[in-house]
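The structure under discussion appears below in the form of structure tokens.
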Amino acid sequence: MPDERRKDVVTLSRRSILMAAPAFLASLRAGHAQESWPPVFEAGRSQFTMVRPHAPMPQLRLQDLHGRDAVITAKPGRITLVNFWATWCAACRLDLPMLASLAGSRPDRLDIVAICTDTKDLRKARAFLGSLTVQNLACYVDAYGAAAEASKAMFSILGMPITYLVGTSGRVEGYITGAPDWLSPAGARLLQFYREQG
């Protein structure tokens, strides 16, 4: 009899620990962990992934859709989303309008740079964008290979489309592939998290 009672106590104590674990983890996330870990932000099968070590965003020499040269840098105190897209990419047809809506909704707090990676032909890029609603979006082509060079060192193209988040200090913080809903509460929480990181 005493042995059976001892087994029940051990089982009960394991069960109590397992039941208490989610609440304990939630309290950790709400306290210390929230200060250093961004909130979860997902798009289909991918989620926002932090990069380490943090490195400053390099200057990118690009061309706008009118053939004018442009040097793109991160602006201190502002978040920059650097998006890589291609004219053959089906998901980009969803992603670029979402980014344009985001740019229109937060023009004073956020910079978005959308870079075409598969062509230097401005007409081809313009034709692709012309079929979408992207009036508020700053779109460029990688006419000089600057973005391609940077992608080898810092902006790895792990999927298409892919968006890198550069924090207010000008450092690359992380990325997400696919077409996430940046206007969702989860997207707003992620942007707010990095706005407060300074």
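Structural remarks
- Cβ separations smaller than 8 Å between residues 6+ apart or across chains give the following pairs from the range 41-54 residues that are in the same structural domain as residue 167 (by TED's automatic domain parsing) and touching a residue at least 24 places away in the same chain (Cβ under 8 Å) to residues that are assigned to a strand (DSSP E or B) and of a type in the set (Gly, Ala, Ser): 48/174; 49/174; 50/174; 51/174.
- Among residues of the range 80-127, those that are of a type outside the set (S, T, N, Q) and assigned to a helix (DSSP H, G or I), counted: 18
- Test result for residue 58, part of a loop (DSSP other than H, G, I, E, B), closer than 18 Å to residue 170 by Cα, touching a Leu at 6+ places or on another chain (Cβ under 8 Å) and not aromatic (Phe, Trp, Tyr): no
- Once the range 157-198 is narrowed to residues that are assigned to a loop (DSSP other than H, G, I, E, B) and out of contact with any strand residue (DSSP E or B) (no Cβ under 9 Å at 6 or more places or on another chain), the residue that is surrounded by the fewest Cβ atoms within 10 Å (Cβ to Cβ) is 198.
- Among the candidates 108, 142, residue that is acidic (Asp, Glu) and surrounded by fewer than 18 Cβ atoms within 10 Å (Cβ to Cβ): 108
- Residue check for residue 70: closer than 26 Å to residue 139 by Cα, part of a helix (DSSP H, G or I), in contact with a Leu (Cβ under 8 Å, 6 or more places away or on another chain) and modelled with pLDDT of 90 or more: no
The values are calculated or read from the model by the stated rules, or taken from the named source; none is laboratory data. Please read all numbers here as calculations on a predicted model, not as lab measurements. Cβ coordinates were reconstructed from backbone atoms using ideal geometry, including for glycine residues, and neighbour counts include every protein chain displayed.
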